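Student: Can you keep this structure in mind? I'll have questions shortly.
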Amino acid sequence: MDVIYVKILKFMLIFIPISIVGKFLNFSPSIMFILAALSIIPLAGLMGEGTEEISFYTGPKIGGFLNATFGNATELIISFFALKEGLFEVVKSSIAGSIIGNILLVLGGSMLIGGLKHKNQKFNRNIVEVTSSMLLFAVIGLSIPAIFTHTLSSNLLNTKYEGFSLVVAIVMFVLYILSLVFSFFTHKELYAVNYEEDGKAKWSLKKAIIILIVSTVLIAIESEFLVSGVEDITAKLGLSEFFVGIILIPIIGNAAEHSTAITMAIKNKMDVAIEIAIGSSLQIILFVAPILIFLSLLFTPMTIIFNQFELVALIVSVLIANKVANDGESNWLEGAQLVAVYLIIAAGFFIL
Amino acid sequence: MDVIYVKILKFMLIFIPISIVGKFLNFSPSIMFILAALSIIPLAGLMGEGTEEISFYTGPKIGGFLNATFGNATELIISFFALKEGLFEVVKSSIAGSIIGNILLVLGGSMLIGGLKHKNQKFNRNIVEVTSSMLLFAVIGLSIPAIFTHTLSSNLLNTKYEGFSLVVAIVMFVLYILSLVFSFFTHKELYAVNYEEDGKAKWSLKKAIIILIVSTVLIAIESEFLVSGVEDITAKLGLSEFFVGIILIPIIGNAAEHSTAITMAIKNKMDVAIEIAIGSSLQIILFVAPILIFLSLLFTPMTIIFNQFELVALIVSVLIANKVANDGESNWLEGAQLVAVYLIIAAGFFIL
Amino acid sequence: MDVIYVKILKFMLIFIPISIVGKFLNFSPSIMFILAALSIIPLAGLMGEGTEEISFYTGPKIGGFLNATFGNATELIISFFALKEGLFEVVKSSIAGSIIGNILLVLGGSMLIGGLKHKNQKFNRNIVEVTSSMLLFAVIGLSIPAIFTHTLSSNLLNTKYEGFSLVVAIVMFVLYILSLVFSFFTHKELYAVNYEEDGKAKWSLKKAIIILIVSTVLIAIESEFLVSGVEDITAKLGLSEFFVGIILIPIIGNAAEHSTAITMAIKNKMDVAIEIAIGSSLQIILFVAPILIFLSLLFTPMTIIFNQFELVALIVSVLIANKVANDGESNWLEGAQLVAVYLIIAAGFFIL
């Protein structure tokens, strides 16, 4: 399956020139949105591959750091352009949507497909516990501004919320730095297993760096196409910006990662699959969200006030991630249940 | 204690003829409600006994399936008649009430009474983990329509909610089928312990089938008496339909099961007691609730929008069930705490 | 560190005569608030020391009971005077604030500082599980009146809530008695480790009793100064009574306990540090809160309806406490995260 998937991904690179030609031929923004989405999926995969190749040359420590930083680069770039366009609702809902998607769809899908091949898949509880604990605390921290807003009277000035969101962003970013210190210095042996590499480099260092740079630039171009098409496509298909943010963008931005997690689950490396899903969620909270709030200061300051549904979705995902982590093993039914919860949520957004 | 309880239960069958005579003598609906309640308790016990006897002849696999299906038959029948009468509030609150009752009162009572005899009662964490995980995911799925309703603006059409409730019901029912595949085919060895039978059949197969059929028919008749009396008794005693649904009906429908769980706890078979409480809750969500939504299409489509209190109660029960499962052992104080939470909830409904 | 801390604490006793002189010289209520706060911190430490000394003479059973009862005496006394003044909001928010402070600041601080010295700090999961389970159930019970209020329509009479709060207080107090029976009679061996004493008495029994009585009387006097200054200081500094209750009073009342927990963590006795933080939270719910409701009947009956933010904070703290307990080990990053959540909450109250 892995090989076929890689071939499809490579084939999808054809959408990059098509989208660029389309731009010059003035294709409608909705068509551009679709072409950009189809281009970003293989580009994100390529960027991931490039980072991995570089890590063969840098050694596991710097490699781990690069993986951690570039892991959510696609979402960061898309969100940056959405931010520039003032699509705050899209940015915020894509943060929440990435976490829901990672926990319910990626993790659920991995457990379901992996569990069809392997009866009970065990994983190292200790490693997963640390990440899922961090996720719980991070989500709670991130949710506090929203909880304040929804529980206190709303006649407070918005500027105060912007200041508060900034404080939260700073605290989260400090925690991000601390978590790097934790995983690369004080407790690095805990994570040793994740960064061990089976094979060796396929590409030269130079080639890997060029591919990384080119794919980053192309993702930036395609993200601009994508974001420019949001308004048009939501109007035409009768979708809400919220739906685009919470369902579509996370699927586009994480597609490459999703396939890796499922491949790992099929190989019975459930530890890695879970780390991808939970670790990626954690990074979105501690790294992507603060960076976006900092960047928003260049345009219009963005608050990090999730709506009540996003709040519930975040908390539900965290509870599920912690429950799953606690188990120490998974099976196909558990996976099916996570996917079922995701389907109900997506159906809700589609129907309502 | 077991023997005395069985004798009392047998003795209570006397209320069946009394209620039927009462019907012809035009007893007030309130009296009929009470007589029907007193009749259903032993009938539900008889139905359970019949199912168990049949399972001696069919072998554990089909027996397990019969137990799973008939386990909540009483609640299903009562709810069916409530549905026919359009008492949606009673139906919905009895779904939530059954889950609260099973987790707080049945499980708490088992731990309290069992714990008075046995200092620390251990149980197999692995089995309980699977069921309590399923319960967590199922409750989350079932709660999503309500969370949507309470968090999104309410100017959406109700018809949409009916469509959405139907989607949820279908997903839940598919999960129910999948969970049967899981427990009877792919992972049947996990459940082996629950369906092992100590003794042998007391009744002939024919007798067991007749008793099962007769008790089902009688429960249907008494349920109609019960439901017809709801409006009258709530008016006379100043109770709300909500109180009837969330406290009274679950106690009536589950009385027989409750006694089994407590008996098991006294015998230090805590695994079985927990499985009854949590497993029964799970079945209500995955089997009873979807069936009721499907049946409601015959009359007026019912939505599965719990009110906020029911939501909280569901989530609280699930958290407690998961906490208890995680422990791996129980004692009387833990049981007392669960019962205390139930008493506070019941007092709240009574006072307010 | 311990020794330096003790010296600072002893030195702070100087604020007692200053505050008394200040009273006669008619210092402003704000100054009196600050002086009283600075006096109560060492007095609470002295009271704790006195109780500990007495327990050398009474043996571990009565000693444990005394520790349990006097552990939150300072908060009880402060709250009593706040109650007398009708500052219900302060009383309620200080109950919630003590629990948040104990879990996030005391436990987080212990894990952070202890974790800087010891890489991974292990603790006995079984003991912590019992306390954290109890905390979960107790918080759920205590939150039910508030959940009722926020979810049901608010046109119900307040007098009903007072009755309901009283029922909750009675149930909680019964659970408190039961938990004493549990820890001192039926399951006393579970707690044996906590009450073992390394050293021997420094003081004579007579001296210890006198110090206990004197410090209790002085705390009462200073609490009256403190409470009388609340209105003035909140007006002058632009703080809300809510901020005083949820942040300041818990820090003042628990300062001595906080230092003990951190000292224990540095000594790698993480079990004791966790027991102090979680056990103290539990006592506030089962002992302090009911007593305050009973006492309020002497003045104006107080309801125990937390606002939505307090509710969320309570539930968050309990989830975190349970997560931490479940881990079985801690490290500095986990501690840093708890402190980060506390800082975000405190920043929120300060900014908004």
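The values are calculated or read from the model by the stated rules, or taken from the named source; none is laboratory data. The shown structure was predicted, so the numbers you read here are calculated from the model rather than taken from an experiment. Glycine also receives a Cβ, built like all others from the backbone with ideal geometry; neighbour counts cover every protein chain displayed.
Here is a yes/no grid of residues against (1) of a type in the set (S, T, N, Q); (2) surrounded by fewer than 23 Cβ atoms within 10 Å (Cβ to Cβ):
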residue: A:GLY48; (1), (2): no, yes
residue: A:LEU66; (1), (2): no, yes
residue: A:VAL90; (1), (2): no, no
residue: A:SER98; (1), (2): yes, no
residue: A:LEU104; (1), (2): no, no
residue: A:GLY114; (1), (2): no, no
residue: A:ASN120; (1), (2): yes, yes
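Student: Being assigned to a helix (DSSP H, G or I) and at pLDDT 85 or above narrows it down to one residue among A:ALA313, A:ALA289; which is it?
Tutor: A:ALA289
Student: Hey, another quick one. Which one is surrounded by the most Cβ atoms within 10 Å (Cβ to Cβ), of the residues in region C:323-340 that are more than 16 Å from A:ARG125 (Cβ to Cβ) and within 9 Å of another protein chain (Cβ to nearest Cβ)?
Tutor: Residue satisfying both the conditions and the ranking: C:LEU338.
Student: List the helices (runs of 4 or more DSSP H) that sit entirely inside region B:87-186 and contain at least 1 residues that are within 11 Å of chain A (Cβ to nearest Cβ). Outline the logic, then answer.
Tutor: Numbers: elements: B:88-100, B:108-117, B:125-151, B:158-181.
Counting at least 1 such residues, we get B:125-151, B:158-181.
Student: Just to verify a result, which residue in region B:311-322, among those that are under 17 Å from B:ILE144 (Cα atoms) and more than 9 Å from chain C (Cβ to nearest Cβ), is surrounded by the fewest Cβ atoms within 10 Å (Cβ to Cβ)?
Tutor: B:ILE315
Student: Answer with yes or no whether C:ILE276 is closer than 21 Å to C:THR74 by Cα and in contact with an Asp or Glu (Cβ under 7 Å, 6 or more places away or on another chain).
Tutor: Against the criterion (closer than 21 Å to C:THR74 by Cα and in contact with an Asp or Glu (Cβ under 7 Å, 6 or more places away or on another chain)), C:ILE276 qualifies.
Student: Still on this model: Would you point out which residue out of B:ILE40, B:ILE34 is on the phi < 0 side of the Ramachandran plot, surrounded by fewer than 21 Cβ atoms within 10 Å (Cβ to Cβ), at pLDDT 90 or above and assigned to a helix (DSSP H, G or I)?
Tutor: Of B:ILE40, B:ILE34, the one residue that is on the phi < 0 side of the Ramachandran plot, surrounded by fewer than 21 Cβ atoms within 10 Å (Cβ to Cβ), at pLDDT 90 or above and assigned to a helix (DSSP H, G or I) is B:ILE34.
Student: For region C:187-216: of the residues being loosely packed, with under 13 Cβ neighbours inside 10 Å and among the basic types (Lys, Arg), which is modelled with the lowest pLDDT?
Tutor: C:LYS200
Student: Going through B:ALA336, B:ALA313, B:ALA325, B:ALA321 one at a time, which residue ends up being touching a residue at least 60 places away in the same chain (Cβ under 8 Å), out of contact with any strand residue (DSSP E or B) (no Cβ under 8 Å at 6 or more places or on another chain) and under 20 Å from B:ILE266 (Cβ atoms)?
Tutor: On inspection, the qualifying residue turns out to be B:ALA336.
Student: Also: Tell me the residue from A:ASP271, A:ASP232 that is assigned to a helix (DSSP H, G or I), farther than 29 Å from A:PHE27 by Cβ and touching a Phe, Trp or Tyr at 6+ places or on another chain (Cβ under 9 Å), please.
Tutor: On the way: A:ASP232 fails: farther than 29 Å from A:PHE27 by Cβ.
Sole residue among the options that is assigned to a helix (DSSP H, G or I), farther than 29 Å from A:PHE27 by Cβ and touching a Phe, Trp or Tyr at 6+ places or on another chain (Cβ under 9 Å): A:ASP271.
Student: Ok, one more. Being within 28 Å of B:ALA340 (Cα to Cα) and surrounded by 22 or more Cβ atoms within 10 Å (Cβ to Cβ), is that true of even one residue in region C:51-63?
Tutor: Scanning region C:51-63, I find no residue that is within 28 Å of B:ALA340 (Cα to Cα) and surrounded by 22 or more Cβ atoms within 10 Å (Cβ to Cβ), so the answer is no.
Student: Looking at region B:136-159 only, could you name the residues that are modelled with pLDDT of 80 or more and hydroxyl-bearing (Ser, Thr, Tyr)?
Tutor: Answer for region B:136-159, where residues must be modelled with pLDDT of 80 or more and hydroxyl-bearing (Ser, Thr, Tyr): just B:SER143.
Student: Another question, then. Do you know which residues across region B:264-321 are closer than 26 Å to B:ILE344 by Cβ and of a type in the set (Gly, Ala, Ser)?
Tutor: B:ALA265, B:ALA273, B:ALA277, B:GLY279, B:SER280, B:SER281, B:ALA289, B:ALA313, B:SER317, B:ALA321
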